[in-house]
Amino acid sequence: MNGLWLRAAGAGRKYAPAAPIKRLRAAAQLHRRSRLSVALSELEAARVRKAVGGFVERRRPPPHIRPKLDLGFRVLGQSVGLFEVRPVWRGAPGEKQEQPFAKATYVRTRGRWRVFWQRRDLKWHGYEPAPEVATIEEFVALVHEDRYACFFG
């Protein structure tokens, strides 16, 4: 018998064999991986880096303030995220932390960018005034305008 024995409420109970459970977990992981989107192409990623990089350079604080507060961005997969860079409170000298505040995710099937902002609960929420935009340049303009003070407070 190749079963997995566990004690529950003082009595031994036999559960399903371990091998089928491992196969089910492997199948579930494969299913989760197959749902992941394809990353941006090199051309699309370069266009995103150019648009968002230009925005970040325009919004960065003066050089003498950058050790205490700076802005950055990262392109991961089909998403681009904007974040603040600050020293860690009570951390080691030179230790930095990143606090994200805006994110756009490209939905290839619709050809649109979904816009998110991070609330104080540290979860990403859809940006209600404009949940989707057509181009990355529109996303940058939306964050720059910040009409409802969601991105920069």
*How many of the residues making up the range 102-153 are under 19 Å from Gly72 (Cα atoms), surrounded by 12 or more Cβ atoms within 10 Å (Cβ to Cβ) and of a type in the set (A, V, I, L, M)?*
8
*With Arg86, Arg120, Arg108, Arg58 as the choices, which residue is at pLDDT 95 or above and within 19 Å of the chain's Cα centre (by Cα)?*
Arg86
*Would you say Gly72 is surrounded by 12 or more Cβ atoms within 10 Å (Cβ to Cβ) and at pLDDT below 95?*
no
*If you go through the range 74-81 one residue at a time, do you hit one that is over 14 Å from the mean Cα position of the chain (by Cα), on the phi < 0 side of the Ramachandran plot and in the same structural domain as Arg49 (by TED's automatic domain parsing)?*
no
*asked:* Return the residues of the range 127-139 that are in contact with a Leu (Cβ under 9 Å, 6 or more places away or on another chain) and not in a strand (DSSP E or B); say none if nothing qualifies.
replied: Tyr127, Pro129, Ala130
*Quick one: is His144 within 24 Å of Lys50 (Cβ to Cβ) and not aromatic (Phe, Trp, Tyr)?*
yes
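Looking only at the range 78-115, count how many residues are among the polar types (S, T, N, Q), in contact (Cβ under 8 Å) with a residue 24 or more places away in the chain and assigned to a strand (DSSP E or B). Before you say what the answer is, go through the steps one by one.
Start the filter on the range 78-115 by keeping residues that are among the polar types (S, T, N, Q), which leaves 78-79, 97, 99, 105, 109.
Okay, now just the ones that are also in contact (Cβ under 8 Å) with a residue 24 or more places away in the chain, so 78-79, 105.
Restricting the remaining residues to those that are assigned to a strand (DSSP E or B) gives 79, 105.
Qualifying residue count, the range 78-115: 2.
In the set Val133, Val107, Val143, which member is of a type in the set (A, V, I, L, M) and within 24 Å of Val85 (Cα to Cα)? Spell out how you get there, then give the answer.
Values: Val133 fails: within 24 Å of Val85 (Cα to Cα); Val107 fails: within 24 Å of Val85 (Cα to Cα).
The conditions single out Val143.
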*Quick one: what pairs do we get from the range 122-150, first residue outside the structural domain of Ser79 (by TED's automatic domain parsing) and free of Cβ contacts under 8 Å to residues at least 60 places away in the same chain, second surrounded by 12 or more Cβ atoms within 10 Å (Cβ to Cβ) and not in a loop (DSSP other than H, G, I, E, B), C-beta under 6 Å, 6+ apart or different chains?*
Cys150/Trp117
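Quick one: in the range 66-77, which of the residues that are of a type outside the set (Asp, Glu) and assigned to a strand (DSSP E or B) is farthest from Asp146 (Cα to Cα)?
Initial filter on the range 66-77 (of a type outside the set (Asp, Glu)): 66-69, 71-77.
Applying the additional criterion that residues be assigned to a strand (DSSP E or B) yields 71-76.
Details: Leu71: 16, Gly72: 17, Phe73: 17, Arg74: 20, Val75: 21, Leu76: 23 Å.
That would be Leu76.
The values are calculated or read from the model by the stated rules, or taken from the named source; none is laboratory data. Computed from a predicted model, the values in this text were never measured in an experiment. Note that we place each Cβ from the backbone using ideal geometry, even for glycine, and neighbour counts take in every protein chain shown.
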